[in-house]
Amino acid sequence: MQPTQNYPVTEYQAAMASLHVGRGAENNAEDKQGTDLRKLFVIVLGYAKFIGLIITLSLVAALIVTMVTTPRYTASTSVQINNQTAQVLGKGNDTDQEGTELQSTADTERFLQTQMDIIDSRAIAIRVAQRLKLVGDPAFYKAVGKREDLTTTSKAKIYDDTIKALLDHKAAIMPRNSRLATITFSATDPVLAAKIANAWADEFIQANLQRRFDSSAYAREFVSGQLVEARAKLETSERDLNDYARAAGLIKTRDGAQPADNNNNMAASSVTSASLLQLNLSSNVATQQRIAAQQRWDALSHGNVLNSPEVLANTTVGALLSQRATVQGELQSERARHLEDFPTVMKLRAQDAAIGKQIDQIASSIRSSVKQQYDAAVVADDQLKQQVNQLKGSSLAEQDKMVRYNLLSRDADTNRTLYDSLLQRYKELTASAGISASNIAIIDRAEVPIKPSAPILFQYLAIGLAIGILLAAIAVTLRHQLDDAVHIPEDITKKLDIPLLGVIPSLPQEDLITALKDPKSLVSEGYSSLRSALLFSTPNGLPKSIVVTSSQPAEGKSTTALALAQSIAKLGRTTVLVDVDLRRPSQHAMLNVANTKGVSSVLTHQAEIDDVIGHSDKDGLSYITSGPIPPAPSDLLSSDRMTHFLRELEQRFDVVVLDCPPVMGFADAPHLSNLASGTVFVIQADRGRRGSLRSSITRLRGVRATILGGVLTMFDATKAANRYTDYYGYDYYRYSYYSDEK
């Protein structure tokens, strides 16, 4: 039978209908879309006081830390790091790879990062500690806030603690696209902070130069070792060369320090070769002289001697020829005047004959001289050619010996060249050691800071705020995840995964009874909404038997059972309310009737059903109280008699409403839920249960109970409206005409 009464439509009913119909589709849409920022805002707003408390405590803690923290001062010095070193002795004298111009950007970045790592290295900290004598210095430990017992702590631990304190309070940064590194040091003593910052930069530069010097020292040591080996090899090769030359009878005529460039020069450096060359040159000259002498002799021996150039070139002959020409001229003149026997003619003729004789004698002498020169030239030419031929054989034999000599000579020359180059390199390294310019320069030295760098109130408060927000987020997340209390109607669907049947507002107990009697009250409207939801909870409409239970006592299940039964009875359905809570019954008190007999009486065969059924004249509701409390309620409720009892009631009435005990701790509710057609689960709003709700639902599902849904009772609409502002408006649900009357 469906309800036919027409009740006035209220804002509350409209809201609940919207909650039943609209919320389901909205929840599905929200689940598909992921996290809803609006819901997140609602959660944060709900825990606003809790979040505010955590953030306030964090800010207070930050303020306290700021006030009790000893002021610290930070001194900073800046250094410029170049990736190319200035050359002092020229490009070839710098042996450090750091002086090489780095072409690529990646190489430059790696170089700068390496320098920053060197600044942060333990080696620089050790140099600073040694320079400033910080190991065992009480003032240093006080400045860095480190308590060190110098009397009982071992020296090794003091040393390690000092280096660690230096590294912990030092910072080095280099902005991107810059070569300027900033080295800072923080301490409670500003003077010490500036001193350590400057010492750090100085030691960084000194360490860089020391590495260069050490690198040059390594090179010098290596070259020195190679030089010793080269000298030994040179001595050995030259000794072998001299021994072989002595054994082979080879005498060098060239300087041993001058290397031979070919075999001819090597051969010319021996005595035999030199003699052969000299004799060959002399033989060539003798041959030329012989040819010249032969030509002169041929000219004298085959023609008129007086026509020979050798005779004509003689000055005496020339003078005699001139004198003879004069005498012949005078003779011709005298003959022209006198006869042959004239004395002057005869005298002149005698003079001419005497002069001719002298000329012949001189020409004959010249001819003999040329002959002698020719013969001597022939003899000299023949002798030199013989000597040349003899030396040629000796030279050929010597060349066979020079093959071994040349090999030894080349070996000696190679060792000499290597020795000379190593000696030159060693001299260059010795000259350039320790004088290369540094590629690091101090731009700004650290000055004694005037203002402390820490603590900064604003910074500490910002950190406290961030920590507070983080802690609040963690706390709210944990609390929200672990909180199984139902605060708003949507929690029933989300946390328990059961449908929402209705929402009952919170009222005091005395007001609740009055509100149930008033059909216009919010409580009555809430239970009317519950009844409407149950009318459509199953395909067949309203279930025949309905179990009303809860997870724990005092959640409003008895009131809900009574109000639900009364609301259904108002529809004209024959309804019976059965109080099966045989431990703490309450329906007889709420109905203001006696509880002398009831369910326990029927189950113990002390009464029949007709004997225990009561009737309410006002709303037409039938009821059965619990009856006397039995010693074993579970045994009675789980007996077959209870099953027959329930089935008989289902035959007599349209709807049977069972007020059951709580689920947790008892077996009554799960058993009765299995017998009944449906179960209504009552949930008190804002009540923590530590997982009992889920456990109860699990127990009911374990016995295959049909859970129709949940009812949220004692719901404070005002509290929900304040906590979930602009999300729920249950505090505004009123009858439209009720508002008009007010």
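The values are calculated or read from the model by the stated rules, or taken from the named source; none is laboratory data. It should be emphasised that the depicted structure is a prediction, and the values quoted were computed from it without experimental measurement. For neighbour counting, all protein chains shown are included, and Cβ atoms are generated from backbone atoms with ideal geometry for every residue, glycine included.
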Query raised in the report: Quick check, is Ser237 surrounded by 15 or more Cβ atoms within 10 Å (Cβ to Cβ), under 25 Å from Met402 (Cα atoms) and in contact (Cβ under 8 Å) with a residue 24 or more places away in the chain?
Result: yes
Query raised in the report: Would you say Arg220 is crowded, with 20+ Cβ neighbours inside 10 Å, touching a Ser or Thr at 6+ places or on another chain (Cβ under 7 Å) and among the basic types (Lys, Arg)?
Result: no
Query - Selected residue [buried (at least 19 other Cβ atoms within 10 Å of the Cβ) and modelled with pLDDT of 90 or more] from Val593, Val602 - result: Val602
Requested in this report: Name the one entry in Ala313, Ala292, Ala353 that is surrounded by 13 or more Cβ atoms within 10 Å (Cβ to Cβ) and either closer than 30 Å to Lys371 by Cα or modelled with pLDDT under 70 (or both).
Outcome: Ala292
Query raised in the report: Just one of the numbered conditions (1) over 21 Å from Thr559 (Cα atoms); (2) of a type in the set (A, V, I, L, M, F, W, C); (3) surrounded by fewer than 21 Cβ atoms within 10 Å (Cβ to Cβ); (4) at pLDDT below 85 is not true of Ala717; which one?
Result: (1)
Requested in this report: Would you please list the contacts, defined by Cβ atoms under 7 Å and residues six or more apart or on different chains, that run from a residue in the stretch 357-381 that is of a type in the set (A, V, I, L, M) to a residue that is surrounded by 14 or more Cβ atoms within 10 Å (Cβ to Cβ) and outside any helix (DSSP H, G or I)?
Outcome: Ile362/Asn314; Ile366/Asn314
Query - Residue ranges of helices (runs of 4 or more DSSP H) in the stretch 109-192 with at least 1 members in contact (Cβ under 8 Å) with a residue 60 or more places away in the chain and touching a Leu at 6+ places or on another chain (Cβ under 7 Å) - result: 122-132
Query raised in the report: Looking at (1) without any contact (Cβ under 8 Å) to a residue 12 or more places away in the chain; (2) within 30 Å of Ile697 (Cβ to Cβ), can you tell me which one Val476 breaks?
Result: (1)
Query raised in the report: Does the stretch 193-214 hold any residues that are among the polar types (S, T, N, Q) and either in contact (Cβ under 8 Å) with a residue 60 or more places away in the chain or crowded, with 22+ Cβ neighbours inside 10 Å (or both), and which are they?
Result: Asn198, Gln206, Asn208
Query - Cross-chain or 6+ apart pairs with Cβ under 7 Å, the stretch 602-623 first and closer than 18 Å to Thr575 by Cα, then among the charged types (D, E, K, R) and modelled with pLDDT under 90 - result: Asp619/Lys570
**Report entry** All positions within the stretch 173-206 that are within 14 Å of Ile442 (Cβ to Cβ) and hydrophobic (A, V, I, L, M, F, W, C)
**Finding:** Leu180, Ala181, Ile183, Ala194, Ala197, Ala199, Trp200, Ala201, Phe204, Ile205
Query raised in the report: Among the residues of the stretch 605-627, which ones are farther than 24 Å from Gln566 by Cβ and either of a type in the set (S, T, N, Q) or surrounded by fewer than 16 Cβ atoms within 10 Å (Cβ to Cβ) (or both)?
Result: His605, Gln606, Glu608
